[in-house]
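Working notes, beginning with the structure itself.
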Amino acid sequence: PHVNYLKDYQPSAFSIESVYLEFELSPLATRVTNSMQMQRQAKGDLRLDGENLKLISVLLDGEEVIEQCQIDEAGLTLAVAKEKFTLRIVTEIEPQNNTALEGLYRTSDNYCTQCEAEGFRKITYYLDRPDVLSVFTTKVIADKSENRFLLANGNLVDSGDLDNGKHFAVWQDPHKKPCYLFALVAGNLEKVEDTFTTADGREVKLEIFVEPRNIEKCEHAMESLKKSMKWDEERFGLLYDLDIFMIVAVDDFNMGAMENKGLNVFNSKFVLAKPETATDIDYEGIEAVIGHEYFHNWTGNRVTCRDWFQLTLKEGLTVFRDQEFTADMLSSAVKRIEDVRRLRSNQFPEDAGPMSHPIQPQSYIEMNNFYTMTVYEKGAEVVRLYHTLLGETGFQKGMQLYFERHDGQAVTVQDFRNAMADANGVNLEQMHNWYVQSGTPNLEVTRNYDAVTQKLTISCQQSLPNSDDFQPMLMPIGFGLLDKEGEPVTLEPTFESAANVELRSDTHAVLKLTQAQQSFVFEDVPADAVPSLLRGFSAPVKLHFDYSNQELALLAAKDEDSFVRWEAMQTLLLRTVQAKVAALQSCIDYQLPSEVIEVARSLLAAKEIDPALVAMTLSLPELGYIGEQYEVVDVDTIYQAHSWLEAELANHMQGQWLDVYHRCVNDAPYQYDKAQIAERMLKNLALSYLGVLSEHQSLVLKQYQAQHNMTDVLAALKTMLKHQHPRSVEALQSFYERWQDDNLVIDKWFTLQAQTQNDHALQTTQALLQHKDFSLTNPNRVRSLLGVFSRLNLVGFHRADGAGYQMCAEQIMQLDALNPQIAARLLGPFTHWKRYDEKRQQMMRNALQQILDRKGVSKDVYEIASKSLA
Ligand code: HT7
Ligand code: ZN
C-alpha cells in the first residue's frame with residue numbers, strides 16, 4: 001500500500017473557490033451533483049480523489065469530458081488547459097450498503113455523513129485534503145414522509161415541497177472550510193430547541209436532533225452545550241459565528257463525535273442521558289465531548305490543519321481545552337488525576353509498542369489509524385506544557401495572536417508555536433522536540449543533601465527509550481519540599497539555579513529542565529526534607545525517584561498538590577502488588593506492610609479532603625498499568641496479587657468502609673453536581689471493597705434492588721458479578737429485561753459480562769456473540785463486547801490455550817470486511833505481544849499473521865498488523 005510522508009507535502013495545484021452540491025437521496029442510488037468553481041495555482045494535471053463512486057458525467061465549463069478522464073480506484077485525472085473553470089461532476093453512491101460508516105451512510109433508516117479524515121472522497125470526486133478551503137452550498141432532496149428533516153452545514157436559505165412526495169432544503173455555509181467538515185443528515189428525527197445569546201448580543205438557535213424515542217434524554221446535552229458556549233466566551237474570548245448550531249445523535253458511529261461546521265454529528269452515547277440510564281461517567285463524558293466538538297469551531301474549523309500530519313494542532317489543543325472546561329465545571333484536581341490515569345493506562349503502552357509515533361507522525365498508510373491517544377492525549381499534554389511555561393495570561397496572549405494571524409487558514413504546529421513564542425517574546429524552539437520524537441521520556445531524579453551547608457541538590461536526567469540521537473526536551477517540573485513533619489519548606493534556589501527555577505509561591509516552583517542532565521540547588525533546606533516532584537503531572541514523563549515507603553506515606557498524607565498525594569499512594573499500592581507478585585512467583589509468604597494500611601485509614605478518615613480524591617487515591621492501580629511495569633507480564637499472578645490486595649484492604653478496613661458507605665448513602669434525587677458525584681464515587685468504592693466479603697452480600701443486593709440511578713445500579717451489579725454473588729445471574733437477567741429496548745444500556749449489559757474475569761469468561765463472551773442483540777455492524781456494540789473483552793478481560797483474552805486470541809482474531813477478520821476502522825482498533829491488544837511469555841507471543845503473532853493474510857485485508861488492518869509483526 002501507498003505510504004504518505006510529511007516531507008512530501010506540496011500545496012494543491014488547484015483551488016476550489018466555491019462548491020455547489022446537490023443530493024437526491026435514495027438508499028441504493030443517491031445521486032450527487034457537484035459543481036466546483038476552480039482555479040489553477042500551479043502547473044500540472046487536475047487530480048481529484050474519489051473512491052467507490054459510480055461516475056455519470058463530467059462537464060468542464062458545460063462540455064462533457066468524461067472520455068478524457070482517467071479513472072482509477074483512488075480518483076480521477078484530467079488534463080485541463082484553463083486557469084479558471086467550472087467542473088460539474090455527477091456520481092451515484094449506495095448509502096444503504098455502506099457499512100464502513102465513512103462517507104454517506106444509513107443509520108436507523110436515517111442518512112448521515114462522516115467525512116474526516118478522508119471520507120468526502122466516498123461522496124464525490126474532490127480535492128479531499130484539509131488545505132483546500134471552499135464556500136459550500138448544499139441542496140438536499142428526499143422523500144418527505146421518510147425524511148422530515150433535511151440538514152447540512154451553515155444557515156438554511158431555502159426549502160419547499162416538490163413533486164412525487166419529495167421536498168428540498170438549501171443550506172449555505174458562509175465560512176470557507178475543508179471538505180472533511182462537510183455534513184448532511186436526513187431522516188425522521190425529532191428535535192429539542194433552545195437559544196444562546198452571545199456576548200455581543202446575537203441570538204443563536206440551538207437544536208438537538210434525536211430519534212423520537214430518545215427525546216426525553218436531551219436535557220443534559222443541551223445544558224452542556226450552553227455551558228460550553230459560555231465558557232469559551234469567558235475563558236478564551238471566543239464567540240459562535242453562525243445563526244444556528246445543530247447536534248444530531250446517531251446510534252452507528254465510528255468515534256465519539258464530529259465537529260462538522262454548524263452541524264455536529266454525535267455517537268448517541270455522548271448525547272443521551274437520564275439518571276436511570278446513564279452513569280456519572282456518562283454524564284461527564286457528554287459534557288466533555290459536547291464541549292470538545294463545540295470548541296473545535298475555533299480550534300479546528302476557523303483555523304484548521306494544513307495536512308493530516310498536523311492533526312494534533314487541532315486535536316491536542318481541543319483536548320486541552322475540553323480538559324480545562326471539565327476542570328472548571330467540576331474539580332480541577334480530580335480531572336487532572338483522571339486524565340493522567342487515562343494517559344498512563346492507554347497512551348504510555350501505545351508509545352512503548354510497535355505503533356509508537358510522535359504527536360506529529362511523519363508517515364502513514366491509513367490516516368484513520370492515527371486518531372490515537374498519542375495525537376490526542378499526549379498532544380494535549382504538550383499544549384499543557386505551553387500553558388505551564390507561559391501561565392494562563394501568557395497562554396491566552398498566544399491564543400489571541402494565533403487567531404489574529406491564522407483565522408480562515410490551514411496551518412501547522414510550527415505556526416501555533418510561533419504565535420505562543422511571539423506573543424510572549426520568548427524562544428520556544430526546543431518545544432519542537434516534543435513533536436518529532438516518539439516514546440515516553442524517562443526522568444531520573446536524584447537528591448544530594450549537604451548537612452554542613454544545608455544545601456539540597458536535585459539532579460535531573462532525561463532520556464528516551466530506544467533512541468540513539470535523543471534531543472532533550474523543554475520540561476517544566478512542578479516542585480516543592482516537605483519537612484519531616486510534612487510541613488511545606490520555603491524554597492530558596494541558589495543564585496546559579498535561580499534562572500531555571502520559577503517560583504510560583506514561597507513553597508511551589510517550576511524547575512525548567514532544558515538539558516539532558518541538569519541540577520537545581522536549594523539553600524537552607526532542613527535535614528530529611530522530602531521532594532515533591534512533578535506536581536500537577538507537569539510533563540508527560542515516567543518519573544523515577546527513590547522514595548522510601550515512609551516518604552511516600554508522608555507525601556500521600558501531606559503534600560499541597562493533590563496529584564502528588566494521589567501518586568504517592570498509588571506508588572505504595574503498586575509496590576505492594578509487585579511485592580506480592582514476586583512472593584507468589586517464588587512461593588513465599590508476604591504480609592501487607594503496616595504503613596499502607598495506616599495511610600489508607602488516615603486518608604479515609606480525613607473529612608477535609610474531597611471524597612472524590614479520597615476515592616481515587618484508594619482505588620487500586622489498574623491491571624493494565626500494573627502489567628506495564630513488567631518486561632514480561634504474568635497475567636494470572638498479577639490478577640491474583642491485585643485481588644489479594646483488594647481483599648486485604650477490605651478486611652483490614654471493613655468497619656471504616658461500612659461507616660463511609662452509610663455516610664455517603666443519599667436518597668436525594670439524582671443530580672449531576674460535584675458534591676453528589678464525589679459522594680457516589682466514594683460510596684461505590686466502599687461497596688466494591690465490601691463486596692469482597694460474603695457478609696456484605698445483602699448490602700450489595702440492596703443497592704442493586706433500590707434502582708436509584710444507573711451509577712449505583714451498575715456499581716452494585718459489577719461487584720455482584722465480580723464476586724459471584726448468589727443472585728448475580730438473576731440480577732443480570734432483570735437488568736436485561738428492564739432495558740432491552742435501550743441500546744446504550746444494553747451496551748452496558750454486554751460490557752458488564754465481557755469484563756468479568758473468571759474461568760468461563762471466554763465462553764460467556766462467545767455466547768454473547770450469538771445473542772440476538774449482538775451485531776458486528778454497530779461499533780458501540782462491538783466495543784462493548786469485543787473491545788472490552790480484549791482490553792480489560794486479561795484473564796480471558798490471554799488464556800493459556802490461546803482460545804481468547806483465536807476468538808478475537810476470527811471476529812476481527814469478519815469485521816474487517818464490514819468496517820475496517822473498527823477492525824483496526826480492535827487489534828490494539830494484539831500489538832503488545834512482546835510483553836508476554838514465549839508461548840503466548842507465538843499464539844498472538846499467529847493470530848496477527850492470520851488476520852494479515854486474509855484475502856482483501858483492508859489497509860487500516862494491514863498497517864497495524866504488519867507494523868506489529870515487523
Ligand atoms: N475530529 C473528529 C474525528 C473523527 C473521526 C476520525 C476518523 C474517523 C471517524 C471519525 N469521527 C470523528 C472527532 C474529534 O476529535 O472531535
Ligand atoms: Zn477533536
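FYI, it's all coordinate maths here, none of it is from the lab. Here the structure is a predicted model, which is why all the values come from computation and not from measurement. In this analysis, Cβ positions are derived from the backbone assuming ideal geometry, glycine residues included, and neighbour counts consider all displayed protein chains.
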Note to self: Need one number: nm distance between label points at Thr77 and Asp667, each 7 Å from Cα along Cα→Cβ, rounded to one decimal.
What the structure shows: 7.7 nm
Check: Shape of region 1-149 from its Cα gyration tensor (a ≥ b ≥ c, root eigenvalues): rounded if a/c is under 1.5, otherwise prolate when a/b > b/c, or oblate?
Finding: prolate
Notebook entry, point to check: For Lys82, which lysines qualify as cross-link partners when the Cα separation must be under 18 Å and same-chain residues fewer than eight apart are set aside?
Noted result: Lys43
Next item on the list: Using only alpha carbon pairs under 8 Å that are at least six residues apart, calculate the relative contact order of the chain and give it in whole percent.
Entry: 8 percent
Next item on the list: Could you list, in their original order, any pairs among Lys580/Lys722; Lys274/Lys558; Lys378/Lys512; Lys227/Lys314 whose Cα atoms are separated by more than 29 Å?
Entry: Lys274/Lys558
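Got a sec? How would Glu211, Glu259, Glu404, Glu24 order by Cβ neighbour count within 10 Å, fewest to most?
Values: Glu211 20, Glu259 23, Glu404 10, Glu24 16.
Ordered by Cβ neighbours within 10 Å, fewest first: Glu404, Glu24, Glu211, Glu259.
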Note to self: With 10 angstrom as the radius, rank Phe196, Phe495 by how many other C-beta atoms surround their C-beta, starting from the fewest.
What the structure shows: Phe495, Phe196
Notebook entry, point to check: Does region 726-790 classify as rounded, prolate or oblate by the C-alpha gyration tensor (a ≥ b ≥ c root eigenvalues; a/c under 1.5 gives rounded; else a/b over b/c gives prolate, otherwise oblate)?
Noted result: oblate
Next item on the list: Quickly work out the Leu162-to-Glu64 label distance, labels modelled 7 Å from Cα along the C-beta direction, and quote it in nm with one decimal.
Entry: 2.2 nm
Item checked: log₁₀ of I(q)/I(0) at q = 0.25, 0.26 Å⁻¹ - region 443-539, Debye sum with one point per alpha carbon -> -1.42, -1.52
Next item on the list: Could you line up Asp307, Asp351 from fewest to most neighbouring Cβ atoms inside 10 Å?
Entry: Asp307, Asp351
Checklist line | Over 32 Å (Cα to Cα) - which of Lys335/Lys484; Lys54/Lys261; Lys122/Lys230; Lys54/Lys84 fall in this group | finding: Lys122/Lys230
Check: Using modelled backbone amide H atoms (1.01 Å from N, in-plane), which distant-in-sequence or interchain residues come within less than 5 Å of Val411's amide H?
Finding: Thr304, Cys305, Arg306
Next item on the list: Starting from one equal scatterer on each C-alpha and no solvent at all, send me the Debye-based log10 I(q)/I(0) for region 571-666 at q = 0.14, 0.17, 0.18 Å⁻¹, two decimals.
Entry: -0.56, -0.78, -0.85
Note to self: Using Cα-Cα distances under 8 Å and only pairs 6 or more residues apart, what relative contact order does region 742-870 have, in percent?
What the structure shows: 21 percent
Note to self: For the chain, report the % of Cα-Cα distances exceeding 43 Å.
What the structure shows: 33 percent
Next item on the list: Would you kindly derive the ³J(HN,Hα) couplings of region 499-507 from the backbone phi angles with the Karplus curve 6.51 cos²θ - 1.76 cosθ + 1.60 (θ = phi - 60°), listing them in order in whole Hz, with x for Gly and Pro?
Entry: 4, 10, 10, 9, 7, 9, 7, 4, 10
Check: Between region 702-718 and region 362-410, how many Å separate their Cα centres?
Finding: 40 Å
Check: Between region 136-179 and region 1-79, what's the alpha-carbon centroid distance in Å?
Finding: 22 Å
Check: Pairing the Cα long axis of helix 635-652 with the longest principal axis of the chain, what angle in degrees results, from 0 to 90 and rounded to the nearest 10?
Finding: 60 degrees
Next item on the list: Could you work out the per residue convex hull volume over the alpha carbons of region 779-855, in cubic angstrom?
Entry: 76 Å³
Check: lysines within cross-link reach of Lys166: Cα-Cα under 19 Å, excluding same-chain residues under 8 positions apart?
Finding: Lys139, Lys144
Check: Of the lysine pairs in region 742-870, how many meet both conditions: Cα atoms under 30 Å apart, and a spacing of 8 or more in sequence or different chains?
Finding: 10
Check: Per residue of the chain, what 222 nm ellipticity follows from adding -39500 (n - 2.57) for every DSSP H run with n ≥ 4, rounded to the nearest 500?
Finding: -12000 deg cm²/dmol
Check: Excluding Ser548 itself, what net charge comes from residues whose Cβ is under 14 Å from its Cβ, given Lys and Arg +1 and Asp and Glu -1?
Finding: -1
Check: Residues with amide H under 5 Å of Arg504's amide H, sequence separation 5 or more or different chain, H placed in the peptide plane at 1.01 Å from N; which?
Finding: Ala509, Val510
Checklist line | Share of Cα-Cα pairs in region 742-870 lying beyond 21 Å, as whole percent | finding: 35 percent
Note to self: Per-residue counts of other Cβ atoms within 10 Å, averaged by peptide: what ranking do you get for 784-793, 720-729, highest first?
What the structure shows: 784-793, 720-729
Next item on the list: For Leu658 paired with Val729, estimate the spin-label separation in nm (one decimal), with each label point 7 Å from Cα along the Cα-to-Cβ line.
Entry: 3.1 nm
Next item on the list: Express in % the proportion of alpha carbon pairs of region 121-178 at distances exceeding 14 Å.
Entry: 61 percent
Checklist line | Long-range HN-HN contacts of Glu492 with modeled amide H, under 5 Å | finding: Glu523
Margin query: What does the C-alpha gyration tensor say about the overall shape of region 304-436? Classify as rounded when a/c is under 1.5, otherwise prolate if a/b is larger than b/c, or oblate.
Written below: oblate
Next item on the list: Express in whole angstrom the spacing between the alpha-carbon centres of region 762-789 and region 443-499.
Entry: 49 Å
Check: By how many nm would the segment from Ala675 to Asp837 grow when fully extended, if each residue of separation counts as 0.36 nm and the alpha-carbon distance is taken off?
Finding: 53.8 nm
Item checked: Segment Ile56-Glu429, extension gain: residue separation times 0.36 nm, minus the distance between their alpha carbons -> 129.2 nm
Margin query: On C-alpha positions alone, give me the angle between the axis of helix 311-329 and the longest principal axis of the chain, in degrees, nearest 10.
Written below: 60 degrees
Check: Mind listing the phi-derived Karplus ³J(HN,Hα) values for region 707-717, rounded to whole Hz, using 6.51, -1.76 and 1.60 with θ = phi - 60°, and x for any glycine or proline?
Finding: 6, 6, 6, 5, 4, 6, 4, 5, 4, 5, 5
Note to self: Please list, in order along region 366-381, the HN-Hα scalar couplings obtained from phi with the Karplus expression 6.51 cos²θ - 1.76 cosθ + 1.60 (θ = phi - 60°), rounded to whole Hz, x for Gly and Pro.
What the structure shows: 10, 4, 4, 6, 10, 8, 10, 4, 5, 5, 7, 7, 5, x, 5, 5
Notebook entry, point to check: In degrees, nearest 10, range 0 to 90: what is the angle between the Cα axis of helix 594-605 and the longest Cα principal axis of the chain?
Noted result: 60 degrees
Margin query: Among Cys460, Val530, Gln471, which residue has its Cα furthest toward the positive end of the charge dipole of region 443-539, with +1 on Lys/Arg Cβ and -1 on Asp/Glu Cβ?
Written below: Gln471
